[in-house]
Amino acid sequence: MTELLKSQLNDATLKETNAEDGDEEEDDVVDPWKVVSKSEKGVDYDKLIKRFGSSKVTDELVQRFERATGKPVHHLLRRRTFFSHRDLEFILSRVEQKKPFYLYTGRGPSSNAMHLGHLIPFIFTKWLQDTFDVPLIIQMTDDEKFLFKDLTVEDVERLAIENAKDIIACGFDSEKTYIFSDFHCIGRSPAFYRNMIKVQKCVTFNQVKGIFGFGDSDCIGKISFPATQAAPSFSSSFPEIFNGKADVPCLIPCAIDQVSSSFSDIFSNDA
């Protein structure tokens, strides 16, 4: 994390502030905690793509995907269930150059079982792992649900185990998949913790309020948590998996409500 990261955070916060001061008050509300449409037609995904700074999945991108993999794309991508991306061209270039990358996704355990909506990103992730034959990191954010929900530590630890069972049932490659609980693993990983602290140092309270909408009454655990969720996107957080390499990028399959319009841009540019 460098001065570049700090500069990008300042730019991102300014964009969020400008949007709030402009004519965006009628926009849909889509974030990791709430989805509210201002229209009877539902969420305006074109406007969401523009606001979040992502790009549409185009026919040209799908065709390049098929050339790079030598097989048809997954139907969830072909039918544009996954309709938007950030820097997928970069990952495809690495595939064409036979350079490594890994997958990273996660689950915040807040229910006894995962429904179909929860499973869709994991179904697609399974296909990506099979297609590219790459490592997969799955973060169980039990600490997040303790901070954001009316649940005890014991509750979220139990739910993490139950949800992990559902995820394992998707059939991921057991030799190339690492599923971990924040409560149980971060304290044993100095490399992971170092990256958390590096991210935290680069983000001010004002910036995180602008990006995630936190208020003065939110606990400090909520405010610092995004750094915990960001850490797995750096291969240096897992030296035992990547043999100490700090330059292996990751691809993150997730729902659009999990994308911050600024943090994802920041983390994709500085490791």
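The values are calculated or read from the model by the stated rules, or taken from the named source; none is laboratory data. Keep in mind that what you see is a predicted model, and the values were worked out from it rather than measured. So basically every Cβ, Gly included, is an ideal-geometry build from the backbone, and we count neighbours across all protein chains shown. Heads up: the accessible areas ignore ligands, DNA and RNA and are worked out on the full protein's heavy atoms, side chains in. Shrake-Rupley method; radii C 1.70, N 1.55, O 1.52, S 1.80 Å.
Couple of notes before you dig in:
- Cα gyration tensor shape for the chain, rounded if a/c is under 1.5, else prolate or oblate: rounded
- Accessible surface, the chain, averaged per residue in Å² (probe 1.4 Å): 53
- With the highest mean first, a sort of the peptides 139-152, 214-227 on other beta-carbon atoms found within 10 angstrom per residue produces 139-152, 214-227.
- Size of electric dipole in the stretch 34-123: Cβ of Lys, Arg +1 and of Asp, Glu -1, about Cα centre, debye, nearest 20: 120
- Greater than 26 Å apart at Cα, pairs in Lys71/Lys165; Lys47/Lys209; Lys50/Lys209: Lys71/Lys165
- Carbon + sulfur, % of accessible area of the chain - ligands and nucleic acids excluded, 1.4 Å: 51
- Under a 5 Å amide H cut-off, with hydrogens placed 1.01 Å from N, Asp44 pairs with Asp28 among residues at least 5 apart or on other chains.
- Lys, Arg +1 and Asp, Glu -1 on Cβ, resulting dipole of the stretch 85-218 about Cα centre, debye, nearest 20: 520
- Charge dipole (the chain, unit charges on Cβ, about Cα centre) - positive-most of Gly213, Ala113, Trp127: Trp127
- Size descriptors for the stretch 21-102, from the alpha-carbon set: Rg then Dmax equal 16.0, 47 Å.
- Only Lys, Arg (+1) and Asp, Glu (-1) charged, at Cβ; the chain dipole about Cα centre in debye: 940
- In this structure the amide hydrogen of Gly106, modeled in the peptide plane, comes within under 5 Å of the amide hydrogens of Gln139, none closer than 5 places in sequence on its chain.
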